[in-house]
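Scroll down for the structure; my scribbles are underneath it.
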Amino acid sequence: MKYIAFLRACTAMLAVCLCLSASGCSPNGEESSSSTSSSQSSSIVSDSQPDIVGSSQAPLPEVQATIPAPAISIQNQTEGNIQVKIASPHFSGFSGADELNAKIEQEQQESIAELRSIANSGAETGATSSLFYQSVFDYQENGLLSVWLTNENYTGGAHGMNWVCSYNLNPETGEFYAFRDLFRNPEEAIPEVTEKSSLI
């Protein structure tokens, strides 16, 4: 009897979860807050391409975007046992845009070159495992421009590796900022931020 009651409770909870997921967890049929309008984000998604988010957040209402949305190029190819999927932004129309594009391209191309080097070393030893590199980006512009390049690769072993490269600059002056430049007192702030981020 208790077992039947337990099964009924589980079934009811499953039904509620399915209803919530189908409606986007939004009451009264409202659109889920996680979706963004086309004016707030630019995205390209297909079965054969990585998910790309041009900007996942709209600028704050009181601050208008001062730079145009970047053009996006997609590279999706397989060379032997290497699969590469990258989305590259091409910013324009503000100071520092060309330098920013060059920094992003350099990071992506160096990662691909490293993967090719590992593949060549593996070929010499007879290893033929599949290797993988993916890179997508996100950005936010609110007076300052911040671009995040999220990278993932697999070069063999138990699991792959993920890392993020960030670029911060003033689009009016073209000045780039290092992480420590974002704080008034970096000697105190950086250890605190590092400690808090390690708890996430």
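Read-outs: derived from the displayed coordinates by stated rules, not from any lab. If you're wondering where the values come from, they're calculated on a predicted model, not measured in any experiment. Cβ: placed from backbone, ideal geometry, glycine included. Neighbour counts: every protein chain shown.
Give, in nm to one decimal, the length gained when the segment between SER197 and ASN142 is fully stretched (0.36 nm per residue of separation minus the Cα-Cα distance).
17.5 nm
Summing +1 for each Lys or Arg and -1 for each Asp or Glu, what net charge is found among the other residues whose Cβ lies under 13 Å from the Cβ of LEU144? Don't jump to the answer; show the numbers that get you there.
Numbers: positive: none; negative: GLU141, GLU172, GLU175, ASP181.
Combined, the nearby Lys, Arg, Asp and Glu give -4.
Taking K and R as +1 and D and E as -1, what net charge do the other residues with C-beta under 14 Å from the C-beta of LEU131 add up to? List each step's numbers first, then the result.
Numbers: positive: LYS85, ARG116; negative: GLU79, GLU114, GLU152.
Around LEU131, the surrounding residues sum to -1.
In which sequence would ASP181, ASP138, ASP98 go, from the one with the fewest C-beta neighbours within 10 Å to the one with the most? Can you show the working numbers first?
Values: ASP181 10, ASP138 19, ASP98 13.
Ascending Cβ contact count within 10 Å gives the list ASP181, ASP98, ASP138.
By how many nm would the segment from HIS90 to MET161 grow when fully extended, if each residue of separation counts as 0.36 nm and the alpha-carbon distance is taken off?
Details: separation 71, 0.36 × 71 = 25.56 nm, distance 2.54 nm.
Full extension of this stretch gives 23.0 nm more.
Zone of ASN120 (label point 7 Å along Cα→Cβ, backbone N under 18 Å): which residues in segment 73-87?
79-84
Can you list the trypsin sites (Lys or Arg not before Pro) in segment 106-200 that are in a DSSP coil and have 10 or fewer other beta carbons within 10 angstrom?
Values: sites: ARG116, ARG180, ARG184, LYS196; in loops: ARG184.
Answer by residue number: ARG184.
Within 10 Å of each candidate Cβ there may be at most 16 other Cβ atoms; applying that plus a DSSP loop requirement, which GluC sites (Glu not before Pro) in segment 91-198 survive? Could the numbers behind the result be given before it?
Details: sites: GLU99, GLU105, GLU107, GLU110, GLU114, GLU124, GLU141, GLU152, GLU172, GLU175, GLU187, GLU188, GLU192, GLU195; in loops: GLU172, GLU175.
Passing both the DSSP loop test and the Cβ count: GLU172, GLU175.
Sort HIS159, HIS90 so that the residue with the fewest other Cβ atoms within 10 Å of its own Cβ comes first and the one with the most comes last.
Numbers: HIS159 6, HIS90 14.
Result, fewest neighbours first: HIS159, HIS90.
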